[in-house]
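Every number here is computed from the coordinates shown, using simple stated rules; none is lab data. Quick caveat: nothing in here was measured; it's all calculated off a predicted structure. Glycine gets a Cβ as well: all are built from the backbone with ideal geometry, and neighbour counts include every protein chain shown.
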Amino acid sequence: MVGQRSISIWFFIGTLLLIYGITIFIANVSDYFWPSAEHTIILWNLHFGIWWGALLIIIGSTYFISFRPWKKK
Amino acid sequence: MIDNHILPAILLFFGPSSLVSLSWTDTFIIALYFAFVLWIGYYLMRYTKTGEDFFMAGRQMTAWIAGLSFVAANLGSLELMGWAAAAYQYGILATHWYWIGAIPAMLFLGIVMMPFYYISRTHSVPGYLKLRYGEGASLLSGVSFGFMTVFMSGINMYSMALVMKVILGWDIHFSIWVSSLTVMIYVVLGGLLSAIFNEVLQFMLIWLGALLVPIIGLIESGGWSGMVARIHSNFPGGDYTHLWSTMGSFQDNPMGIHWTGIVFGLGFVISFAYWTTDFLVVQRVLAARDLRSAKMAPIIGAGFKMMVPFIVILPGLLGLALIPGLVGEKEAIATGGHSYNEVLPLMLARYAGPGLLGLGVTALIAGFMSGMAGNISAFATVWTYDIYRPLHIKLSHTEEKDAHYVKIGRWCTVVGVLVSIGTAYLVQQFASIMDYVQALFSFFVAPLLGTVLFGMLWKRATAAGGFWGLFAGIGSSIGMWAWVKLDPGALRIIALSEHAQDMAENMYRALWSWLICVGVTVVVSLLTAPKPEAELTGLVRGCTEIPSEGDMPLIKRPIFWAAIIFVIFVALNIIFW
């Protein structure tokens, strides 16, 4: 039954967002330190990918830690 | 991580001509999403043993989960792209479909109708009709809903595959089969529980994937006032940023519609019909764990629905400000330019760097899958409980065990997905089918609202009244549609103005068919014998004792939150008047 579930949906969401956040952060941080010669996106100088990646890491890790299945009740 | 041998094989499907091209980071993000939804389905399989688990998610959902799932099931990717395009075409008027076209109805569902759906312990809307009116109205509604749901699902699937082909250059067959089989697997494994849990995940991804466009767009255009100034400069004389001030006459706004059509046709009939009787969305709320959660779920959903224009309408308006010159589909094909139907992906490609593009595309795919899972899980429930079960009992005179219906539900899911795929291919061959099926869907919803509403609020309504009212409403809707098809001049009679356009026809046709349904229901009911009041307990207002919330603190009462949402809704309409 549903009530006996040991993993919350918020844990799944947290895990996915955390992985996404880390991936996007790493992919964009390289462009910050070693900017490529050609940028195809507008406002690239804001490095939005780094900020968005960091935001996903914060949201993801909050859910990941708060709803981890091994947390003591 | 993704297998290095599989990825190139997948990438082979990517064509050379596309709006954007994905990096390896983007592809990883999309692939990981598919892995996660399947993992959730597999994990939940062990908790889906009984019919109550499979079809009703064990009726254990919290108000938040049911509420988010309620909105997500409606938030398909075509909805995202279609309404962004509509915002580019009609301006902020498209917001009516999110505010007056949704919020009052969702609040009404939560406060007025939910107690009857929930207390009756029905598993579906046709199930409620069976309890209230008997087999006739229930079968009519169940069969029409069942077919229309899978057909619509197929149309959405084809449209989605077409979108992926345009944006990413993906092969149409690849998009259709991979996305629909993924939905099939996780719904077969975990039933409604899996569909709901994945919808909550998809809801989060839709927001986090789509939100970056309005944020960066507003920065680029210099905030709201900068965006409005650019739109005025790009389109002098046009009014794209006022909700109501151009609604005084049909010819003053680009939609060609009068405020009466928006308020009564959209705001009352179409919106109430969809949000309160379409089982695709109502099923999510029926899975709530108690009556308070069931009442709160649509109210929470309304709060989030009110914010959706931020990720759907605003990108369309930003497109008007920043990328003027997008044209209609036919002109775009003729000139080789871009259509306003592509405004959302164009904006995404404008701002999204590595990873963010993958997240945006994942949001579109998640939107499609949440809509499809909603269709398929609702189809499986209605087909199993409202069509198969009564027919099986009638023919074999035996009631089967619970496990039998779970098995049938799983097979219905497989069949539903396969019929959807078949419909997608049919639409690919005969594009006009799409218009006919969409019209077919619109025939049923408005009259059904009359039947359900009068069933819940008027104890004198009889079984014959319910059936014939529904029948007459559907018949009149088909009649009006055929009349306009044969003689386009009939539109001015149905919509009450010679300046009315297509959008107005839908509003007024819905309004008339609802009125005809109600009229016939009332007349036939008054001419036939009513049900004894004892048989209406738990189904009708005046015969049902609704648990009091008097001992609950104000902050926990659904009516309190509904009032807050309603005040915000009114304020937003005044601000953007």
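Whole angstrom only: what separates the Cα centroid of the range B:25-72 from the Cα centroid of the range B:136-192?
So the two Cα centres are separated by 17 Å.
Under a point-charge model restricted to the Cβ atoms of Lys and Arg (+1) and Asp and Glu (-1), what is the dipole moment magnitude of chain B relative to its Cα centre, in debye to the nearest 20? Could the numbers behind the result be given before it?
Values: 29 positive and 30 negative charges, 220 e Å.
Value, rounded to 20: 1060 debye.
Whole-Hz Karplus ³J(HN,Hα) for the range B:466-483, in order, using 6.51 cos²θ - 1.76 cosθ + 1.60 and θ = phi - 60°, x for Gly and Pro?
After applying 6.51 cos²θ - 1.76 cosθ + 1.60, I find x, 5, 5, x, 4, 4, 5, x, 5, x, 5, 5, 4, x, 5, 4, 5, 4 Hz.
Assuming a strict under-25 Å limit between Cα atoms, what lysine pair count do you get for chain B once near-sequence pairs (fewer than 8 apart, same chain) are dropped?
17
Mark the label point 7 Å from the Cα of B:PHE560 along Cα→Cβ and return the residues of the range B:271-307 whose backbone N is within less than 18 Å of it.
Backbone N within reach: B:291-301, B:303.
Return the sequence-ordered ³J(HN,Hα) values of the range B:542-553 in whole Hz as given by the Karplus equation 6.51 cos²θ - 1.76 cosθ + 1.60 applied to θ = phi - 60°, using x for Gly and Pro.
Ordered by residue, 3J(HN,Hα) equals x, 10, 10, 8, 8, x, 6, 10, x, 8, 8, x Hz.
Take the Cα radius of gyration of the range B:34-113 and divide it by 2.2 N^0.38 Å, with N its residue count; two decimals is plenty. Intermediate results must be reported in sequence, preceding the final value.
Values: Rg = 17.2 Å, N = 80, 2.2 N^0.38 = 11.6 Å.
Dividing the Cα radius of gyration by 2.2 N^0.38 Å gives 1.48.
Can you figure out the FRET efficiency of B:THR537 with A:VAL29, using R₀ = 56 Å and their beta-carbon distance, to the nearest 0.05?
Calculated value: 0.30.
Give me D for the range B:17-575 in µm² s⁻¹, whole number, from Stokes-Einstein with Rh from the Kirkwood sum over alpha-carbon pairs, 37 °C and 0.692 mPa s. The partial results should precede the final answer.
Numbers: Rh = 24.1 Å.
Answer, rounded: 136 µm²/s.
Hey, what did chain B get for relative contact order, percent, Cα under 8 Å, at least 6 apart? The partial results should precede the final answer.
On the way: 951 pairs, mean separation 161.9, N = 577.
Relative contact order of chain B: 28 percent.
If each of B:LEU395 and B:TYR42 carries a label point 7 Å out from its Cα toward its Cβ, how far apart are those two points in nm?
3.7 nm
P(r) tail for the protein assembly as shown, what percent of Cα pairs lie past 43 Å?
Of all Cα-Cα distances in the protein assembly as shown, 21 percent exceed 43 Å.
Å³ per residue of the Cα convex hull, for the range B:93-151?
Values: hull volume 6.2 nm³, N = 59.
Taking the convex hull of the Cα positions in the range B:93-151, it is 105 Å³ per residue.
Just want the ordering: A:TRP52, B:TRP458, A:TRP70, from fewest to most Cβ atoms lying within 10 Å of their own Cβ.
On the way: A:TRP52 26, B:TRP458 17, A:TRP70 5.
Fewest-to-most Cβ neighbours within 10 Å comes out as A:TRP70, B:TRP458, A:TRP52.
State the extension gain, in nm to one decimal, for the chain segment bounded by B:LEU527 and B:ASP402, taking 0.36 nm per residue of separation less the distance between their alpha-carbons. If you can, show how the numbers build up before the last one.
Numbers: separation 125, 0.36 × 125 = 45.00 nm, distance 4.01 nm.
Full extension of this stretch gives 41.0 nm more.
Hey, fewest Cβ within 10 Å first, where do B:VAL143, B:VAL163, B:VAL427 land in order?
Listed from fewest to most nearby Cβ atoms, that is B:VAL143, B:VAL427, B:VAL163.
May I ask you to sort B:LYS295, A:LYS71, B:LYS305 by Cβ crowding, counting other Cβ atoms within 10 Å and putting the fewest first? If you can, show how the numbers build up before the last one.
Numbers: B:LYS295 27, A:LYS71 10, B:LYS305 24.
Ranked by crowding around the Cβ, least crowded first: A:LYS71, B:LYS305, B:LYS295.
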